[in-house]
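Working notes, structure below.
The values are calculated or read from the model by the stated rules, or taken from the named source; none is laboratory data. What you see is a predicted model; the values in this text were computed from it and never measured. Cβ: placed from backbone, ideal geometry, glycine included. Neighbour counts: every protein chain shown.
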Amino acid sequence: MRAGGGIFAATLFTPITVLYLSFLLAPIGFFLVMSVFRYSPMELYIPAVTADNFVRLLGEEHYRNIIFRTLRIAALTAFFSLLLGYPLAYFLARTGSIWRGVLMFLVIAPLMTGVIVRTYGWIVLLGSEGTVNVTLMWLGLIDRPIKILETEVAVLVALVHILMPYMVFPLFSSLAGQDPDVERAAATLGAGRWRIFFEVTLPLSRAGILMGSALVFTLTAGAVVTPALLGGTKVQMLGQTIYDLVLSTLNWPFASAIAFVLVLCQFSIIFLYFKGGRRRAG
Amino acid sequence: MSAVLELRRVLKRFGETLGVGPVDFEVQEGEFLTLLGPSGCGKTTTLHIVAGLLHPDEGTVTLGGRDITRLDPQHRDMGLVFQNYALFPHKTVFDNVAFGLRMRKVAQSKIRDRVSRMLEVVGLPGVEARQPHQLSGGQRQRVALARALVIEPSLLLLDEPLSNLDAVLRKRMRHELREIQQRLGIATVFVTHDQDEAFEMSDRVILMNVGHIEQVATPEELYNSPTSRFAAEFIGEVNLIDGTVASLIGDSAVVEAALGGRYAARGDGGALGVGDKVLLMVRPERIGIETSPSANGEAVEATVANRVFSGNTLIFTLRTASGIELTASKPSTAQYRDIAPQSTVWLDLGDCRLLPRET
């Protein structure tokens, strides 16, 4: 019976394991190796074992700035997604309203249109003759269009919007999964609405907060299209830098080194997430 | 005695459907009152109204003479133990029990003292540092009880607190819970669907059915003198026999029964007239079984259709000449073990209870 269960489980896991091995772990292994190779304009790369790529990445201020900017934008995106997503998720998890289904759909809806479409939408809104500037001028708050595109603000606003579902759903499921009697118990013991929220609801949604933040952080850190279109060359992030190095400059070893650092950052966040989750369980 | 809690004409609807009401009852000082009934009878809704977790659409709730109908739960000064205990899973046992005291801004040193004393009262000393998930079901329940009692509430509310425990523990906790309640002398409202729990623990029982109160009585009254068919059938086993009122004397009646013969029955005869259809109620253990006809010839002749041995009792299925089946339970002593299936016996229905016949 046990062995049968094992074989059954193995059968279930085989397709996803094959997929992950060939399309995730193999490429990671590939650029791990590539990152210690030497770049050559003629032959693309020369097999070697050198730390040159990493030294350059951490040594040149330009690239250091890109790393810090990426981490800063990822952290800020996760933070603002949490700030805006939590009330929404809380409402969705608690409401008995007939609008709940509609609101859930509206949360998912952005996922049904492509990232590029949504990013172009933001270009229309944030451009110098875009809706935001026109409105502000009409209201008399500004005289001339302010520059929003090609700033971190534009990238941040668009990423928060695009990645919102990844924050709301983990939050929603951790809030909806809470036993309503626990909040009721707090009420009967003398806690008002805000006390209940900070003493009970918020700490119990910790898993959702960690999960949502980790998802949004890693997705932002690896974002290419949105920073490229809204931030241009002014707001360069790691993803776009790798993209340019691979397709334009053809410096694969250096691109691999950057990819290595990026994946390291993302894995650290996931590691911290699991560590945080375990502490709660233990 | 004076009433701690009073509910007057309390009614609650959920949209179009009636949750409960109108209900009227009061809880006396130090009393253990049970709301008993099948699921969906409105007992938990009633408890939530008492706790302030629900506000009634109509009626008033008073606590110690003060109208608390619209008061939020955090201002009510009641301790509530939930069916699933609802401990704070992210807090230690100490922080769980201390929660209500912290909300009341009790000094830290006093909190420590009162928490450890209350954990002793519930028989769980020294577990302050544990997490709820490290405790067994029974221990969690004691922590939930300590958390509700440590605030010294004017009323203790228990929402089926024993139903998630295994059978052995459940029986033990019945006595312990009752013992703690009596020691602290705290007025208690207990919600359950289990009549054994209700009987063993309560001073009074309120039997509820589809949102209204069927009967308010002591456990003995409820068992011996139910006032409705629902009450008779919900509490224990019962034989119900169709009959017609032949004559009335005060609250008693003489009933022409479908088994043949006339029987005197006590009950609410006042509302009845001669010729009304009624039910005669006899508990299985009250039916006398004789192996020879009685001298006065009042006994009913019957055949033993079936006999089931269940340890300390024998359960007889008896069929009378008129085709009516009755159940009788007798101690499994030699006297009754000798009564074989298919043999003829004579039944003494003894004290019958008169019940109105509902459609």
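Considering only region B:204-211, I want to know if a residue exists there that is farther than 26 Å from B:Glu152 by Cα and assigned to a loop (DSSP other than H, G, I, E, B). Write out each step before concluding.
Initially, region B:204-211 is screened for residues farther than 26 Å from B:Glu152 by Cα, giving B:207-211.
Imposing the further condition that a residue be assigned to a loop (DSSP other than H, G, I, E, B) reduces the set to B:210-211.
Yes, region B:204-211 contains a residue that is farther than 26 Å from B:Glu152 by Cα and assigned to a loop (DSSP other than H, G, I, E, B).
Here is a list of conditions, (1) surrounded by 14 or more Cβ atoms within 10 Å (Cβ to Cβ); (2) in contact (Cβ under 8 Å) with a residue 24 or more places away in the chain; (3) within 20 Å of the chain's Cα centre (by Cα), and A:Leu92 meets all of them except one; can you say which number that is?
All conditions pass for A:Leu92, except number (3).
Being more than 20 Å from A:Thr218 (Cα to Cα), in a helix (DSSP H, G or I) and either at pLDDT below 90 or out of contact with any helix residue (DSSP H, G or I) (no Cβ under 6 Å at 6 or more places or on another chain) (or both): is that true of A:Leu136 here?
Values: more than 20 Å from A:Thr218 (Cα to Cα): yes; in a helix (DSSP H, G or I): yes; either at pLDDT below 90 or out of contact with any helix residue (DSSP H, G or I) (no Cβ under 6 Å at 6 or more places or on another chain) (or both): yes.
So A:Leu136 fits the description; yes.
Considering only residues that are within 31 Å of the chain's Cα centre (by Cα) and among the charged types (D, E, K, R), which ones fall in region A:19-63? Full working, then the answer.
We begin by selecting, within region A:19-63, every residue within 31 Å of the chain's Cα centre (by Cα); these are A:19-37, A:39, A:51-63.
Within region A:19-63, A:Asp52, A:Arg56, A:Glu60, A:Glu61 meet the criteria.
Out of the residues in region A:230-249 meeting the condition of being surrounded by fewer than 20 Cβ atoms within 10 Å (Cβ to Cβ) and closer than 23 Å to A:Gly127 by Cα, tell me which one is modelled with the highest pLDDT.
Here is the first cut: in region A:230-249, the ones surrounded by fewer than 20 Cβ atoms within 10 Å (Cβ to Cβ) are A:232-234, A:236, A:243-244, A:246-249.
So of that shortlist, the ones also closer than 23 Å to A:Gly127 by Cα come out as A:232-234, A:236.
Values: A:Gly232: 84, A:Thr233: 85, A:Lys234: 85, A:Gln236: 91.
Only one residue fits best here, namely A:Gln236.
Suppose we filter B:Glu237, B:Glu214 for residues that are surrounded by 21 or more Cβ atoms within 10 Å (Cβ to Cβ) and either in a helix (DSSP H, G or I) or touching a residue at least 12 places away in the same chain (Cβ under 8 Å) (or both); which single one remains?
Values: B:Glu237 fails: surrounded by 21 or more Cβ atoms within 10 Å (Cβ to Cβ).
Matching residue, one of B:Glu237, B:Glu214: B:Glu214.
Output the residues belonging to region A:186-208 that are out of contact with any Pro (no Cβ under 8 Å at 6 or more places or on another chain) and more than 8 Å from every other protein chain (Cβ to nearest Cβ).
The answer is A:Arg193, A:Trp194, A:Ile196, A:Phe197, A:Phe198, A:Thr201, A:Leu202, A:Ser205.
Counting just the residues of region B:296-313 that are among the hydrophobic types (A, V, I, L, M, F, W, C) and over 16 Å from B:Asn239 (Cα atoms), which one comes out surrounded by the most Cβ atoms within 10 Å (Cβ to Cβ)?
In the first step, residues of region B:296-313 are kept if they are among the hydrophobic types (A, V, I, L, M, F, W, C); the result is B:299-300, B:302, B:304-305, B:308-309.
From the residues that got through so far, the ones that are over 16 Å from B:Asn239 (Cα atoms) too are B:299, B:308-309.
Details: B:Ala299: 19, B:Val308: 11, B:Phe309: 10.
Restricting to residues being among the hydrophobic types (A, V, I, L, M, F, W, C) and over 16 Å from B:Asn239 (Cα atoms), the top hit is B:Ala299.
What residue, among those in region B:269-298 that are farther than 15 Å from B:Ala246 by Cα and modelled with pLDDT under 80, is nearest to the chain's Cα centre (by Cα)? It would help to see each step written out before you state the result.
As a first pass, look at region B:269-298 and keep what is farther than 15 Å from B:Ala246 by Cα: B:281-298.
When the remaining residues are screened for being modelled with pLDDT under 80, the result is B:294-298.
Details: B:Ser294: 38, B:Ala295: 41, B:Asn296: 39, B:Gly297: 39, B:Glu298: 36 Å.
Checked region B:269-298; the qualifying residue nearest to the chain's Cα centre (by Cα) is B:Glu298.
Here is a list of conditions, (1) more than 14 Å from B:Val189 (Cα to Cα); (2) within 13 Å of chain A (Cβ to nearest Cβ), and B:His48 meets all of them except one; can you say which number that is?
Exception for B:His48: condition (1).
Suppose we filter B:Ala232, B:Ala246 for residues that are more than 23 Å from B:Ala3 (Cα to Cα), surrounded by 20 or more Cβ atoms within 10 Å (Cβ to Cβ), out of contact with any Cys (no Cβ under 6 Å at 6 or more places or on another chain) and at pLDDT below 95; which single one remains? Step through it out loud before you land on a result.
Numbers: B:Ala246 fails: surrounded by 20 or more Cβ atoms within 10 Å (Cβ to Cβ).
After ruling out the rest, the residue left standing is B:Ala232.
Which numbered condition trips up B:Ser329, out of (1) part of a loop (DSSP other than H, G, I, E, B); (2) under 26 Å from the mean Cα position of the chain (by Cα)?
All conditions are met except number (1).
Just give me the residues in region A:98-144 being surrounded by 12 or more Cβ atoms within 10 Å (Cβ to Cβ) and among the aromatic types (Phe, Trp, Tyr), in sequence order.
A:Tyr120, A:Trp122
So, of the residues in region B:252-276 that are hydrophobic (A, V, I, L, M, F, W, C) and assigned to a loop (DSSP other than H, G, I, E, B), which turns out to be surrounded by the fewest Cβ atoms within 10 Å (Cβ to Cβ)?
Of region B:252-276, the ones hydrophobic (A, V, I, L, M, F, W, C) are B:253-255, B:257-259, B:264-265, B:271-272, B:274.
Imposing the further condition that a residue be assigned to a loop (DSSP other than H, G, I, E, B) reduces the set to B:258-259, B:272, B:274.
Numbers: B:Ala258: 15, B:Leu259: 21, B:Leu272: 19, B:Val274: 11.
Residue satisfying both the conditions and the ranking: B:Val274.
With the condition being surrounded by fewer than 15 Cβ atoms within 10 Å (Cβ to Cβ) and touching a helix residue (DSSP H, G or I) at 6+ places or on another chain (Cβ under 8 Å), I'd like the strands (runs of 3 or more DSSP E) fully within region B:1-52 carrying at least 2 qualifying residues.
On the way: elements: B:3-14, B:17-28, B:32-36.
Answer list for region B:1-52: none.
Hey, among the residues in region B:277-287 that are part of a strand (DSSP E or B) and β-branched (Val, Ile, Thr), which one's surrounded by the most Cβ atoms within 10 Å (Cβ to Cβ)?
Step one: filter region B:277-287 for residues part of a strand (DSSP E or B), giving B:277-282.
Of the ones still in play, those that are also β-branched (Val, Ile, Thr) are B:278, B:282.
Numbers: B:Val278: 22, B:Val282: 24.
Taking the candidates together, the pick is B:Val282.
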